[in-house]
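Right, one structure below, let's go through it.
The values are calculated or read from the model by the stated rules, or taken from the named source; none is laboratory data. Only a predicted model underlies this, so the values are computations on that prediction, with no experimental measurement involved. As a convention, Cβ positions derive from the backbone with ideal geometry for all residues, glycine included, and neighbour counts pool all protein chains shown. Only protein heavy atoms, including side chains, enter the accessible area calculation; ligands, DNA and RNA are left aside. Shrake-Rupley method; radii C 1.70, N 1.55, O 1.52, S 1.80 Å.
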Amino acid sequence: MKRLRPAIMMTVTIACGGAGQPQADAAFERVEQAITDQHTQAIRYAPDAFKRVMDEYDAARAEYAAGEYRRAIEGAERTLELTEQLPSAIGAGRRAVSDQFTAASDEVRELLAALETRVSTLENAPRLPTGVAADDVTQVRQQLPVLQRTFDEATTTFQRGNLAEALHVVTQVRQTASGFTDLVGGR
């Protein structure tokens, strides 16, 4: 109810014809606070929704600059309505990133386990298969603990709530592990 009071007050002000610069300033102050409160999460998890907010904000600011305070206030109200939709867009974005992280993590676990098995098999083989070099096997063996550690750090980052960063890191680990799998003939 508290959020509705400023909107009601703006609507009454506009209806009474008193839409001037002070009312527009107050409207933009509320909008800017709403944008600031959600900026970081919106950019990360709901960039399209945040762009719509900023486009509406920029249009309202243009009206303000032109001295069209009534239109500026109306634009600020529309912007405020869009900012009220951001939490659900952010939540949907976080769920999507979380799902992507889970899928990528499952794949990385499988890749790392398969690499460990493949490298152990190759290290114990009397002869390496054609196309697999001993240096490549050694390189992969040395890098497996690094990949595992990086993967573990990504999992910790995810658990701490930095989903986008965790997804980025686990995607890099997946790409590196896939390259190593190709290097030692694991596919």
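Annotations for the structure displayed:
- Those residues of the range 73-114 whose amide nitrogen sits under 19 Å from the label point placed on residue 52, 7 Å along Cα→Cβ: 74-97
- Applying 0.36 nm per residue to the separation of residue 133 and residue 96 and subtracting their alpha-carbon distance, the gain on full extension is 9.3 nm.
- Taking Cα atoms only, the orientation of helix 47-65 departs from the longest principal axis of the chain by about 30 degrees.
- Net dipole in debye of the chain [+1 Lys, Arg Cβ; -1 Asp, Glu Cβ; about Cα centre; nearest 20]: 300 debye
- Ranking 60, 41, 103 by how far each Cα lies toward the positive end of the dipole of the chain (charges on Cβ) leaves 103 at the top.
- Carbon plus sulfur fraction of accessible area for the chain, probe 1.4 Å, in percent: 51 percent
- Inter-label distance, residue 68 to residue 153: 5.2 nm, where each label sits 7 Å from its Cα along the C-beta direction.
- Value of relative contact order over the chain, rounded to a whole percent, pairs C-alpha under 8 Å and six or more apart: 21 percent
- Most to least accessible of 44, 127 (protein chains only, probe 1.4 Å): 127, 44
- Accessible area in square angstrom per residue, the chain, 1.4 angstrom probe: 59 Å²
- Distance from the alpha carbon centroid of the range 23-75 to that of the range 77-152 works out to 39 angstrom.
- For the chain, adding -39500 (n - 2.57) for each run of n ≥ 4 DSSP H residues and dividing by the number of residues yields -30500 deg cm²/dmol at 222 nm.
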